[in-house]
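The values are calculated or read from the model by the stated rules, or taken from the named source; none is laboratory data. All values derive from a computational prediction rather than experimental measurement. For neighbour counting, all protein chains shown are included, and Cβ atoms are generated from backbone atoms with ideal geometry for every residue, glycine included.
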Amino acid sequence: MEAFKAKGKDVGWHVHDERSLLALQGPLAAPVLQLLTKDDLSKLYFGEFRMLDINGSHCFLTRTGYTGEDGFEISVPSENALDLTKAILEKSEGKVRLTGLGARDSLRLEAGLCLYGNDMEQHITPVEAGLSWAIGKRRRAEGGFLGAEVILKQLQEGPQIRRVGLFSSGPPARSHSEILSSSGEKLGEVTSGGFSPCLKKNIAMGYVKSGNHKPGTEVKVVVRGKSYDGVVTKMPFVPTKYYKPT
């Protein structure tokens, strides 16, 4: 920071008071939250950040979430977190329910969203992870960023491995379950997997060798030492419902 200031840049560091984070997700998120704020939430698009008063508390609000649904993440002063939670539940007249990280994890998997530490690691590039959209035009043209030599080459020539979605039979596949070809060749491994509450079937994502990543490719998934039939499929598994103003 001091180096930036020496160049005449206006930069500072401010630590806010202790805050808590509430995630309100689903088709009723906007109608319910609108009852607790004077700001027009219909003008807040997906990915936008705003500071506003909610239920009398100064909050940081983003229209985003880790579920594939429309919704909000609300950063609220910790001393007001319980009151805001109760207000949301009361205004929803029983239609909003409390839930935990397990439910959110199944939803983010259905939406094909990566979990850092599982589906993304320091040794995985954005190209391999199917996240090339996050690399801006200027960076592609100029390079010079960390990992540019590898990433720009992959953008031009293609990566050796790719993140894919999978349907599988048998028990749900979990992290590190091997993905094999029909002939038994190891193609890669599962990074996230479980049972889809919406689709009522096993879903997973993982990495396979390029050339085996096309939807419809038949594979085998190893769970507890036994091989089960699987097939590569497109993601998201369940269509996302992010909010886009009309």
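For the stretch 105-148, filtering for residues that are assigned to a helix (DSSP H, G or I), in contact (Cβ under 8 Å) with a residue 24 or more places away in the chain and either of a type in the set (Asp, Glu) or exposed (fewer than 15 other Cβ atoms within 10 Å of the Cβ) (or both) leaves 2.
The set of residues from the stretch 201-246 being in contact (Cβ under 8 Å) with a residue 60 or more places away in the chain and over 22 Å from ALA111 (Cα atoms) comprises TYR228, ASP229.
Out of GLY71, GLY94, GLY102, GLY56, one residue alone is touching a residue at least 12 places away in the same chain (Cβ under 8 Å) and exposed (fewer than 13 other Cβ atoms within 10 Å of the Cβ). It is GLY56.
Within the stretch 57-75, the only residue that satisfies the criterion of being over 21 Å from LEU109 (Cβ atoms) and either of a type in the set (Lys, Arg) or at pLDDT below 95 (or both) is ARG63. Consider the stretch 1-58 and keep the residues that are part of a loop (DSSP other than H, G, I, E, B) and among the β-branched types (Val, Ile, Thr). The one that is farthest from VAL96 (Cα to Cα) is VAL11.
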